[in-house]
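The values are calculated or read from the model by the stated rules, or taken from the named source; none is laboratory data. A quick note: this is a predicted structure, and the numbers were derived from the prediction, not measured. Here the Cβ is made from the backbone with ideal geometry for all residues, glycine too, and neighbour counts use every protein chain on show.
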Amino acid sequence: MGGPALVDKFNASLGQKLRAARRQRAWSLGQVESNTSGEFKASVVGAYERGERAISVQRFVRLAEIYGIAASDLLPLIPSDGDFVIDLDALGAAKSDDLVERYIAAIQLLRKDPSHSEIRRGDQAMLGALVQTAEPVATSDGTL
């Protein structure tokens, strides 16, 4: 699945998250280096943030710890090269939350097809936030 292009996309996404975490602390790259007593060189952290250099799991976890953020919160979604479908009927049956049901109904209304049981890729992030998950919701037949 994906090969080097997928790895490059992942590194770029991870780098963006690392940069956002550093900026949330209002640190420059130089401050990361000085605040870690040289454990993380500014040039290396910059390369991680630009997606030019892969980071090991151990260093990733350590950097998240230094930023005061759970490492899992810094992991990006793995980009998908293929299209996927979320079965709204199965999602509605699996999640009885009123907010999710209202969102599904709004999608169907906006698409002017109440029997339409698919959701577009752009809706995935919103739906994920509503069910408080960053992962696609899978149905019993394997579709998302």
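Pick from the range 1-27 the residues that are surrounded by fewer than 13 Cβ atoms within 10 Å (Cβ to Cβ) and closer than 19 Å to residue 74 by Cα: which of them is modelled with the lowest pLDDT?
Among residues in the range 1-27 that are surrounded by fewer than 13 Cβ atoms within 10 Å (Cβ to Cβ) and closer than 19 Å to residue 74 by Cα, the one modelled with the lowest pLDDT is 7.
Under 9 Å between Cβ atoms, at least 6 apart or on separate chains: pull out the pairs that start in the range 51-74 with a residue that is at negative phi and end on any residue that is assigned to a loop (DSSP other than H, G, I, E, B) and aliphatic (A, V, I, L, M).
Filtered contacts from the range 51-74: 60/75; 63/55; 64/70.
Of (1) more than 20 Å from the chain's Cα centre (by Cα); (2) in a helix (DSSP H, G or I), residue 21 satisfies all except one. Which?
Going through the list (1) more than 20 Å from the chain's Cα centre (by Cα); (2) in a helix (DSSP H, G or I), residue 21 breaks only (1).
For residues in the range 40-57 being of a type in the set (Ser, Thr, Tyr) and surrounded by fewer than 14 Cβ atoms within 10 Å (Cβ to Cβ), which is farthest from the chain's Cα centre (by Cα)?
43
Give the residue, chosen from 109, 88, 99, 130, that is on the phi < 0 side of the Ramachandran plot, at pLDDT below 65 and surrounded by fewer than 12 Cβ atoms within 10 Å (Cβ to Cβ).
Values: 109 fails: at pLDDT below 65; 88 fails: surrounded by fewer than 12 Cβ atoms within 10 Å (Cβ to Cβ); 130 fails: surrounded by fewer than 12 Cβ atoms within 10 Å (Cβ to Cβ).
That would be 99, the only listed residue that is on the phi < 0 side of the Ramachandran plot, at pLDDT below 65 and surrounded by fewer than 12 Cβ atoms within 10 Å (Cβ to Cβ).
Which numbered condition trips up residue 72, out of (1) loosely packed, with under 14 Cβ neighbours inside 10 Å; (2) at pLDDT 95 or above?
Only one criterion in (1) loosely packed, with under 14 Cβ neighbours inside 10 Å; (2) at pLDDT 95 or above is unmet by residue 72, namely (2).
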